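*Asks:* Handing you this structure, nothing more for now.
The values are calculated or read from the model by the stated rules, or taken from the named source; none is laboratory data. Computed from a predicted model, the values in this text were never measured in an experiment. No Cβ is skipped: glycine too gets one built from the backbone with ideal geometry, and neighbour counts run over all protein chains shown.
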Amino acid sequence: MSHLPILLVDDEEGIRTVLSITLKDAGYEVDAAANVADALELFKSRQYPIVVTDIRMPGMSGVDLLREIKRIEPRTEVIMISGHADIDVAIQSLKYDASDFITKPINLDVFSFALHRAEERSNMRRELERHTCNLEELVERKSAQLVEVERRVAARQLFEGLTASLDAFASNLDNLSMFNQMPMFVSIHNRNREVVAINDHYRERLGNLVGEKSWAMYDDLGDGEQECPVARTIANKAARRAEHVVRCINGNRHSVAVDTVPITASDNEVELILEFMVDLREAEQLREELRTTQHKYQQLFDQTPCFISVQNRNFTILSSNARHKEGLGDLEGGLCYERIMHRASPCRDCPLIKTFEDGEMHQMESVVTNRKGEQINVLIWSAPIRDTSGAITEAIEMITDITQIRKLQDRLTSLGLLLGSTAHGIKGLLTGIDGAIYRLGAGLENKNLTRVEDGFTDLQFLTGRMKQTVLDILYYAKKRELNWKVLDVATFALNTYTSMSTKAEAKNVLLELDLAKDLGSIKADASILASALGNILENAIDACNANEPDAPGNVLFKIYGDANQVAFQITDNGAGMDHETRDKLFTLFFSSKGIAGTGIGLFVANEIVQQHGGSISVDSEQGHGSTFIVTIPRELSVQV
C-alpha cells in the first residue's frame, strides 16, 4: 500500500534526520524543511496532503505555518509537535484545525497512529469528493439528455404553420426528401383516409404502409377509424394533437406523440393530411434513468453517515438528509446559525461564508447540541453548488460526529496536556504553602498568635486547592470505583458549604445556605461528590465578580429533595453565559476564564455526577447570573 507524501518541518537537524529516516523506512515519501519560510516555499510548489511540524521555531512558529497552510489548502492534515505541553498552544492549534498534537519526546507508536489517522481522513475526504463529483456529473448529463429529447418532442409544434406552404407540395407526394433527415415518422394521407406518402424513417421503423388505411399502424384504437387522428382531423378540419401506441416492424410497441395538420383545397375542403409522429420511448427511458439516478442520489444523500444540509446565501436550510433530521432535528426553513449553533449571527469562522466567497471547500471544528440535548464534537465541511452557468447558488454543509475520535485523542494526548497546564498552578500553590508555613513558623517563634492564625488559614486554603487539583487529575486520568456510603444529606451539605466559605469571603461574595427540612440520606461517595459540588461552587464564586471584581456577589447553595432524589441548587448573580458557552460548558479543556481556568473542573464534575446516576442542568443568561441544579438519586439501582 502506497503512503501519502509528507512535509516534515523542525528547526532541530537531529530530529529532522531521525524522523525522516523513520518515515522513509515506513514507506513514506518525505521532504524536510528547517523553518517556516522554507516549508511554505515547498508547500506552494507541492501541496502536501500531510504536514508534520514543530511548534516552537525561530521566527514564525508552527501555529503560523498551520494557519497559512489551512488558508492555502484547508484539506491538508497538519500534525503539531511540541516539547512544551502548553494547553493554550494546543487549543490554539485545534482552533486552526490541527489534526493532532504530540509532545516530545515523541512516542513512535503514538506518532504512527496519528499519521495513520491523518492518512485515513485525507483519503476518505478525497474519495467522498470524487463520488460526489461523479454523481453530480451523471445527474447533470441525464438532465441535459432529457431536456434535449423534450425539445425534440416540442419541435412538432413548429409544423403547425406548414399548412399554407404545403399546397404546392401536395402535387408531388412522392418527394418527401425534405423530411427524411427528421428523427420522426412523417406521412401524408388523403381524404379517403389512406397513406399516400411516408419518409425514410417511417419506412424503416413502421414499414412501407403506403396504400394502407390511416389507422393500420396504431395498436390502441378501440373503435378503429373513429379514433384515428387523421379521421378526426378530416371531420373537424382542424389540427389535432394526441398520444397513441404504434406497432413497429419488429413487433415492438412504442408510444408516440401524434400531430395532424389538414391541407385544404380552394373550396376549403380537406385535401390532404400531414401527420407527424415523435417516438416517446427515448424520452421515457431517459426519464426512467433520471428517476433512478435521482433515487440513488437521494439514497446516498440520506444514507451518508453524516448530517447533510443545503443552504442558500442567507444560511437558510433548504433541505436536509434523514440523518440530519434524526440527529439534529427537522430544521428546514430555519437559519443554520440560529437552529444549529444557537447564535444570533453567523459564526466567525463559518466555512459556508468562505465557500460563497471563493467557491472552494472549507471546514471548521465545533461543538453542537444534538436532538437529545447532548453536546457532540463535529467536523463541519462546506462545498459549493453551482448552476449551469457556473454561478454559486447554494452550498452543501456536511457535519460529521467526531465525538468518539476526540475521546480517543483525549486519552492519548490529554494526560500530557493536563500535567503541563496544571504544572504552573501546582508550583504556585507550593510556593504559597511555603509562605504560609514560614508565617506559621515565624508566628510560633515570636509567639504572635495573629500571624499564626493567618498562616494556618492560608495553609488550610492552599492545601484544599492542592487537594482539589490533584483529585481532578486523578479522576480524569483513571476513573476509580466509588466508595459508596449512606450519607446524611444535611450534614454533607453543611460540610461542603463550610469548606467553600473561606474562598467566598476572600472574594467578597456572600455564600448562603438554604437547607430544606427532613432531607434524609443518599448513597454516594462523599469525597468525590463534594469535589464535584465544590468545582461548581468555586465557578459560581468566581463568576460573581468576573466583570466587576469589587462589586459584592451573592451565591445561594440550596438543597431540597423528594422521596427519590436530592437536588443541590447553586445560583449566582454573576456574569452569566450565552447559549454557545452553555453548550460547551462540560467539554474537556473548555474554559470561559481564559488562562485562569484549566477547563477540567466542570468536565470532571459532570463525569462524577453521571457516575452517581445523576444529571446537571444549567439555566443562564448573559448578564443575569447562572443556576446549576445537580440531581442525585437516593439509591442507584445499578451502580456505574
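*Asks:* For the condition closer than 15 Å to Val195 by Cβ and modelled with pLDDT under 90, what is the one hit in Ala265, Ala216, Ala235?
*Replies:* Ala216
*Asks:* Inside the stretch 178-235, can you point out the residues that are free of Cβ contacts under 8 Å to residues at least 60 places away in the same chain, more than 18 Å from Asn250 (Cβ to Cβ) and of a type in the set (Lys, Arg)?
*Replies:* Residues satisfying the conditions are Arg193, Lys213, Arg232.
*Asks:* A further question follows. Run Tyr218 past the list (1) touching a strand residue (DSSP E or B) at 6+ places or on another chain (Cβ under 9 Å); (2) over 23 Å from Asn268 (Cβ atoms); (3) surrounded by fewer than 16 Cβ atoms within 10 Å (Cβ to Cβ) and report the number of the one that doesn't hold.
*Replies:* The single condition Tyr218 does not satisfy is (3).
*Asks:* Among (1) out of contact with any strand residue (DSSP E or B) (no Cβ under 7 Å at 6 or more places or on another chain); (2) under 26 Å from Ile380 (Cβ atoms), there is one condition Lys44 misses while meeting the rest; what is its number?
*Replies:* (2)
*Asks:* Output the residue which, of all residues in the stretch 292-308 that are surrounded by 18 or more Cβ atoms within 10 Å (Cβ to Cβ) and over 21 Å from Gly373 (Cβ atoms), is modelled with the lowest pLDDT.
*Replies:* Phe301
*Asks:* Would you confirm whether or not the stretch 320-332 contains a residue that is modelled with pLDDT of 85 or more and within 30 Å of Arg191 (Cα to Cα)?
*Replies:* no
*Asks:* A follow-up question, please. Please count how many residues of the stretch 58-111 are aliphatic (A, V, I, L, M), part of a helix (DSSP H, G or I) and in contact with a Lys or Arg (Cβ under 8 Å, 6 or more places away or on another chain).
*Replies:* Result for the stretch 58-111: 1.
*Asks:* While we're on this one: Could you tell me which residue of the stretch 19-43 is surrounded by the fewest Cβ atoms within 10 Å (Cβ to Cβ), considering only residues that are among the charged types (D, E, K, R) and out of contact with any helix residue (DSSP H, G or I) (no Cβ under 7 Å at 6 or more places or on another chain)?
*Replies:* Checked the stretch 19-43; the qualifying residue surrounded by the fewest Cβ atoms within 10 Å (Cβ to Cβ) is Asp25.
*Asks:* Looking at Ile522, Ile473, which is the one that is at pLDDT 90 or above and surrounded by 15 or more Cβ atoms within 10 Å (Cβ to Cβ)?
*Replies:* Sole residue among the options that is at pLDDT 90 or above and surrounded by 15 or more Cβ atoms within 10 Å (Cβ to Cβ): Ile522.
*Asks:* Among the strands (runs of 3 or more DSSP E) contained in the stretch 491-566, which hold 2 or more residues that are touching an Asp or Glu at 6+ places or on another chain (Cβ under 9 Å) and more than 23 Å from Val609 (Cα to Cα)?
*Replies:* 553-561
*Asks:* From the residues in the stretch 1-18 that are outside any loop (DSSP other than H, G, I, E, B) and touching a strand residue (DSSP E or B) at 6+ places or on another chain (Cβ under 7 Å), which one is surrounded by the fewest Cβ atoms within 10 Å (Cβ to Cβ)?
*Replies:* Per the stated criteria, the residue is Arg16.
*Asks:* Let me ask another. Within 25 Å of His342 (Cα to Cα), modelled with pLDDT of 70 or more and not assigned by TED's automatic domain parsing to the domain that holds Gly373: is that true of Ser592 in this structure?
*Replies:* No, not satisfied.
Okay, residues lined up against (1) over 19 Å from the mean Cα position of the chain (by Cα); (2) surrounded by 14 or more Cβ atoms within 10 Å (Cβ to Cβ):
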| residue | (1), (2) |
| --- | --- |
| Arg253 | yes, no |
| Val278 | yes, yes |
| Gln285 | yes, no |
| Glu289 | yes, yes |
| Val310 | no, yes |
| Arg323 | no, yes |
| Asp330 | no, no |
| Arg339 | no, yes |
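*Asks:* When only residues in the stretch 481-534 that are more than 42 Å from the chain's Cα centre (by Cα) and of a type in the set (Phe, Trp, Tyr) count, which is farthest from Phe557 (Cα to Cα)?
*Replies:* Per the stated criteria, the residue is Phe492.
*Asks:* Looking at the stretch 376-400, I want the residues that are farther than 18 Å from Pro346 by Cβ and have a partner that is of a type in the set (Asp, Glu) and at pLDDT 90 or above with Cβ atoms under 7 Å, at least 6 apart or on another chain. Which pairs are those?
*Replies:* What qualifies is Ile385/Glu394.
*Asks:* Pull out all pairs, ordered by first then second residue, where Cβ-Cβ is under 7 Å, the residues are six or more apart or on different chains, the first lies in the stretch 240-260 and is on the phi < 0 side of the Ramachandran plot and in the same structural domain as Glu204 (by TED's automatic domain parsing), and the second is in a loop (DSSP other than H, G, I, E, B) and exposed (fewer than 13 other Cβ atoms within 10 Å of the Cβ).
*Replies:* Pairs that qualify, where the first residue is on the phi < 0 side of the Ramachandran plot and in the same structural domain as Glu204 (by TED's automatic domain parsing) and the partner is in a loop (DSSP other than H, G, I, E, B) and exposed (fewer than 13 other Cβ atoms within 10 Å of the Cβ), are His244/Asp220; Val245/Asp219; Val245/Asp220; Val246/Asp219; Arg247/Asp219; Arg253/Asp219.
*Asks:* Exactly one condition in (1) over 22 Å from Asp97 (Cα atoms); (2) surrounded by 19 or more Cβ atoms within 10 Å (Cβ to Cβ); (3) touching a His at 6+ places or on another chain (Cβ under 9 Å) is not met by Ile55; state its number.
*Replies:* (1)
*Asks:* Return yes when Asp88 is in contact (Cβ under 8 Å) with a residue 60 or more places away in the chain, surrounded by 18 or more Cβ atoms within 10 Å (Cβ to Cβ) and not assigned by TED's automatic domain parsing to the domain that holds Gly359 and no when it is not.
*Replies:* Taking the combined requirement at face value, the residue does not satisfy it.
*Asks:* Taking the residues in the stretch 418-464 that are at pLDDT 75 or above and β-branched (Val, Ile, Thr) as candidates, determine which candidate is farthest from the chain's Cα centre (by Cα).
*Replies:* Once the filter is applied, the top-ranked residue is Thr450.
*Asks:* Within the stretch 289-297, identify whether any single residue is touching a residue at least 60 places away in the same chain (Cβ under 8 Å) and over 24 Å from Glu394 (Cβ atoms), and answer yes or no.
*Replies:* Yes: the stretch 289-297 contains one or more residues that are touching a residue at least 60 places away in the same chain (Cβ under 8 Å) and over 24 Å from Glu394 (Cβ atoms).
*Asks:* Across the stretch 364-403, what is the total count of residues that are part of a strand (DSSP E or B), more than 16 Å from Ser122 (Cα to Cα) and acidic (Asp, Glu)?
*Replies:* 3
*Asks:* Taking the stretch 500-519 only, how many residues are among the small types (Gly, Ala, Ser) and crowded, with 18+ Cβ neighbours inside 10 Å?
*Replies:* Summing the residues that are among the small types (Gly, Ala, Ser) and crowded, with 18+ Cβ neighbours inside 10 Å in the stretch 500-519 gives 1.
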